[in-house]
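Beneath this line is the structure, given in structure tokens, with notes to follow.
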Amino acid sequence: MKPTGTDPRILSLAAEVANSPEQNVPIILLKLKEIINNTPLGSSELKKIKQDIYCYDLIQYCLLVLSQDCSRIQGGWTTISQLTQILSHCCVGLEPGEDAEEFYNELLPSAAENFLVVGRRLQTCFINAAKGEEKDELLRFFQIVTDSLFWLLGGHVQLIQNVLQSDHFLHLLQTDNLQIGSTVMTMLQNILQINRSKRSKILLKLKRQKEEEDRRLQLHIQRQRAMRLSRELRLSMLEIVHPGQVEKHNREIEEKSALIIQKHWRGYRERKIFRQQRPSLMEYKAAVTLQRATLKFLAKCHKKKKLFAPWQGLQDLTDERRVKLKQQVDDYLQRHPSSQMSDVTSRELHSQAQEQLQHYLMGRVLEERAQQHREALMAQINTNIEQLMKAPSLKEAEGKEPELFLSRSRPVAAKAKQAHLTALKHLQAPWWKNLGEEEGDEIDVPKDELSVELGTLFIGGTKPP
């Protein structure tokens with residue numbers, strides 16, 4: 001049965017194949033490659049084109065061409081290798097429909113067998129070839145055929161068993177050529193990986209089915225156990241109850257059971273009604289939200305329109321209204337008399353304000369200068385500290401390096417001299433005088449000794465006259 005809505009390109013190609021001589025059919029079939037490549041991969045349009053190709057027997061034509069001798073085909077191995085690519089792409093992802101049994105049981109095994117036959121012919125030609133360029137070209141065709149076979153097996157993993165049991169595949173494995181052998185072994189490794197992944201998927205599926213069956217069996221056992229416990233409990237209660245109260249007891253149990261059933265039924269019914277009403281409730285909430293946002297927007301627009309509306313002038317006032325407004329103005333002026341100021345007082349206030357402003361500006365200038373002076377002193381102190389940290393010890397100082405220990409600040413120089421004299425006195429004093437002193441205690445140094453210049457150490461600062 002031919003499909004409806006067939007692609008016109010497939011129709012014209014099928015008609016051309018039917019009306020052309022046999023030697024031109026392989027070249028015409030190569031046009032299928034352009035049609036397939038111009039269609040998006042994985043789209044419904046590509047599936048429809050593959051169904052049209054199968055229904056108009058173009059796949060069968062490709063198989064017939066592959067079974068022919070290479071010397072009789074126009075284009076030789078180039079045409080055959082491209083037809084293997086077309087055939088593998090057409091068979092993968094094809095949904096045969098009513099002819100599924102014929103497609104899976106006859107056409108696919110025949111295609112895999114033809115691929116192996118073509119590969120074996122290429123192997124023979126490669127071994128018998130003498131030129132290096134010819135060998136390279138035949139090896140490239142052989143790789144195209146093996147890739148096409150691998151693509152076919154990836155889409156139909158049930159063909160792996162047929163390929164592994166084929167005599168042609170065994171002959172390909174037994175080759176002595178290194179290049180052909182490496183290509184075949186690579187294909188075999190890929191096939192085994194596909195088979196392993198298929199087996200793992202089947203095992204995972206069986207494991208899930210077993211887990212589901214175990215879960216169902218466990219639920220069934222739990223239900224049976226619950227029913228048995230309920231019956232045992234009921235029988236034990238009947239043994240305890242007096243024979244005259246059995247009917248009353250059964251009636252109470254039936255009422256409780258009915259209440260439980262009604263409770264669950266009402267809950268189920270209300271949940272079902274709520275699920276049915278949920279879309280309308282969501283629509284109602286959405287409508288309320290939209291209305292609220294619209295009202296806010298309109299109110300904002302009205303407010304802006306009212307705020308920026310042009311002034312239309314005052315309304316006409318009547319004499320009575322004019323007298324009433326004048327009376328209100330006079331009453332306000334009487335309650336809030338305005339303070340009048342003379343010109344002399346205004347000038348005095350102005351001059352006072354100018355003086356205060358000038359005083360403030362001068363004080364701010366002095367404060368800025370003091371701040372700049374402080375910043376300069378801090379920068380100088382930081383520079384001196386950095387130089388002292390990097391300077392060598394006095395014993396190791398050479399040349400102009402002792403100048404690093406000089407300070408231009410008189411207080412700093414005086415403090416340094418005092419510390420030095422203290423250290424000298426501490427070192428030169430007898431040992432018994434230092435028994436009661438601690439390391440951090442300070443020693444008073446007379447002021448006249450601070451002006452003494454040491455022979456071995458120069459302390460920076462201003463020298464006494």
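The values are calculated or read from the model by the stated rules, or taken from the named source; none is laboratory data. The model shown is predicted, which means the values in this text are computed figures rather than measured ones. No Cβ is skipped: glycine too gets one built from the backbone with ideal geometry, and neighbour counts run over all protein chains shown. Heavy atoms of the whole protein, side chains included, go into the accessibility calculation; ligands, DNA and RNA do not. Shrake-Rupley method; radii C 1.70, N 1.55, O 1.52, S 1.80 Å.
Data overview
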| quantity | calculated |
| --- | --- |
| 1.4 Å probe accessible area per residue over the chain, in Å² | 77 |
| Packing-based order for 372-381, 138-147, using average beta carbon neighbours within 10 Å, highest first | 138-147, 372-381 |
| Gain upon complete extension [C125, E34; 0.36 nm per residue less C-alpha separation] | 29.9 nm |
| Ordering of 86-97, 32-43 by burial proxy (mean other Cβ atoms within 10 Å per residue, highest first) | 86-97, 32-43 |
| Projected label distance in nm at L349 and R9, using a 7 Å step from Cα toward the beta-carbon | 9.5 |
| Hz values of 3J(HN,Hα) by residue in the range 61-73 - Karplus curve (6.51, -1.76, 1.60), Gly and Pro given as x | 5, 4, 5, 5, 5, 5, 7, 7, 6, 5, 5, 8, 9 |
| Between 0 and 90°, nearest 10: helix 8-19 axis offset from the chain longest Cα axis | 30 |
| Whole-angstrom gap from the range 1-45 to the range 166-235, using each part's C-alpha centre | 39 |
| Highest average packing first - 292-301, 179-188, 115-124, Cβ atoms within 10 Å | 115-124, 179-188, 292-301 |
| Prolate/oblate/rounded label for the range 8-198 (Cα gyration tensor, a/c 1.5) | oblate |
| The chain: angle of helix 132-155 to the longest principal axis, Cα-based, in degrees nearest 10 | 90 |
| Whole-percent carbon and sulfur share, accessible surface of the chain, 1.4 Å | 56 |
